[in-house]
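Taking it in order: structure first as C-alpha cells, then the write-up.
Derivation of every value follows stated rules applied to the coordinates shown; laboratory data play no part. Worth saying up front: this structure is predicted, and the values here are computed from it rather than measured. All Cβ positions, even for glycine, are placed from backbone atoms using ideal geometry, and neighbour counts span all protein chains on display.
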Amino acid sequence: MKTKPQVRVGVGVFVYDSYSRHLFLLGKRKGSHGAGEWSLPGGHLEFNETLEACARREVKEEAGIRIARIHRLNPITNDIFRKEGKHYITIYMGADYIGGKVKVMEPDKCVEWRWFTWDNLPKPLFTPIQNLKKQLGH
C-alpha cells in the first residue's frame, strides 16, 4: 500500500554572528533537494520536539556550533517542491552564535558555511529563503 504524501514541518534557523547582528549563516546544499542552493541551517521538526530544541539540535548537527537566545520569528513559508514531490511548512527561528568553530559536519549534505547579510545574499537560494524574501518584500 502506497503512503499518501505528507506535509512536513521544517525549521530554518537564522544564526546571527555575535559581533554583527546583520550577518547570518548560510550553507551550500549538497546531495538532496536544493543541491547547489544556499540555505539556513535547519531541518525536520521531530515528534514531541520543541522548536527551540530542534533549532539547537540541527545547528549543532550541521555546523558544529552552539546557539543561545533562541526565539521564534514571525514568518512562516509554504514551500512546495513540485519536481521532488515534497511539501514543507517552514518555521523560522533566530538565535545568537555563542561558540564552537563553524564547520561542515555533514559533508554529504553541505559543501560549505558562510556568513551573509540580506543585502549580499548568494545565488541560487533554497526555495524557503526565496519564498521568505518575497514575503518580506526583499
Legend entry - Extreme residue, positive dipole direction of the chain, given options Ile67, Leu51, Leu121 (C-beta unit charges): Leu121
Legend entry - Hz values of 3J(HN,Hα) by residue in the stretch 34-44 - Karplus curve (6.51, -1.76, 1.60), Gly and Pro given as x: x, 4, x, 9, 8, 9, 5, x, x, x, 6
Legend entry - Listed residues Ala68, Ala55, Ala95, most fluctuating in the chain (Gaussian network, C-alpha, under 10 Å): Ala68
Inset, instruction - Assuming R0 = 25 Å, can you tell me the calculated FRET efficiency for the pair Lys103 and Glu46, based on Cβ-Cβ distance, to the nearest 0.05? - result: 0.60
Legend entry - Angle between the chain longest axis and helix 127-136 axis [Cα atoms, degrees, rounded to 10]: 70
Legend entry - Partners for Lys30 among lysines (Cα-Cα distance below 20 Å; same-chain residues under 8 apart left out): Lys60, Lys83, Lys86, Lys103, Lys109, Lys123
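Compute the signed sum of charges (Lys and Arg +1, Asp and Glu -1) over the other residues within less than 9 Å, Cβ to Cβ, of Ile70. Before the final figure, lay out each step's value.
Numbers: positive: Arg56, Arg69, Arg72; negative: Glu52, Asp96.
Charge balance in the 9 Å sphere: +1.
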Legend entry - Distance (nanometres) between label positions extended 7 Å along Cα→Cβ at Arg57 and Gln130: 2.9
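Thinking of the chain as a set of Cα atoms, what percent of all their pairs are more than 27 Å apart?
Of all Cα-Cα distances in the chain, 14 percent exceed 27 Å.
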Inset, instruction - Take the alpha-carbon centre of the stretch 115-131, take the same for the stretch 1-40, and report the distance between them in whole Å. - result: 11
Legend entry - Top of Leu26, Leu40, Leu73 by mean-square fluctuation, Gaussian network on the chain, Cα under 10 Å: Leu73
